[in-house]
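The values are calculated or read from the model by the stated rules, or taken from the named source; none is laboratory data. For clarity, every value in this text was computed on a predicted model and none was experimentally measured. Glycine also receives a Cβ, built like all others from the backbone with ideal geometry; neighbour counts cover every protein chain displayed.
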Amino acid sequence: MRTKEKQEQLNAYWSNFVSGVDREKAFSRIYDLNIHDLLAYGCSLGFDEETCKDVAHDLFFRLFQDAGRSYEIGNITVYLFGSFRNRLISTGLRNTRLKDVKIEELPFATEVTILDTLTNEEDRALLRDNVAALLRELTPRQREAIYLRYMQNMAYDDIARLLEMTNGSVRKLVYRALETMRRKASEMDMPLVVVMFLAYLRDFS
């Protein structure tokens, strides 16, 4: 499912949930449309799958229990990602392995899913492999920003709230990440289509 179509469905289901129209069905669809992305996001931050599942299920349980206050939530996607991230980090900081690790230094790695608009499967596979290699050249913070911006289609204001940064700082983070990827693509002599794709993202970010 394309990101735009998915967000439109989420908005509709969230509206039903808030207004009490077929609330249980709406909530079930909200869960189905988000759980995979949340688990992938959590694992990308370096947490094991079981921890991610526990935190996600607790998050959804509390969201359903607090349905009466759900009108206070503007963007359900941003709320879920933000709450999930904060709960995971709180859980991780109780673990001795992460006690001395700064939040911005948590590892982040994710699959490339920003190429769905390409219809040619060969071009898509080529770009996916090359972009995945370029993402590994970025810092964890840069990878996370790119993921939220282009794979979750979040607005800069939403990313800023999620990462506890200013809008301007997020824009610089994304721009510099794309510049790094473009430069590395040239250094690695990657196909022109990869460089052009990155230039497009940079110019329209």
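Structural remarks
- Selection over segment 147-178 of residues that are surrounded by 15 or more Cβ atoms within 10 Å (Cβ to Cβ) and either assigned by the TED database to the domain that holds residue 6 or of a type in the set (Asp, Glu) (or both) gives a count of 1.
- Flag if residue 70 is among the hydroxyl-bearing types (Ser, Thr, Tyr), assigned by the TED database to the domain that holds residue 15 and at pLDDT 80 or above: no
- Looking only at segment 114-140, and only at residues there that are under 18 Å from the mean Cα position of the chain (by Cα) and buried (at least 19 other Cβ atoms within 10 Å of the Cβ), the one that is modelled with the lowest pLDDT: 114
- Number of positions in segment 158-177 that are within 16 Å of the chain's Cα centre (by Cα) and under 20 Å from residue 79 (Cα atoms): 9
- Condition met for residue 181 (closer than 26 Å to residue 42 by Cβ, surrounded by 13 or more Cβ atoms within 10 Å (Cβ to Cβ) and either in contact with a helix residue (DSSP H, G or I) (Cβ under 8 Å, 6 or more places away or on another chain) or at pLDDT below 80 (or both)): yes
- Checklist (1) at pLDDT 85 or above; (2) exposed (fewer than 15 other Cβ atoms within 10 Å of the Cβ); (3) over 16 Å from residue 151 (Cα atoms) applied to residue 27, failing item: (2)
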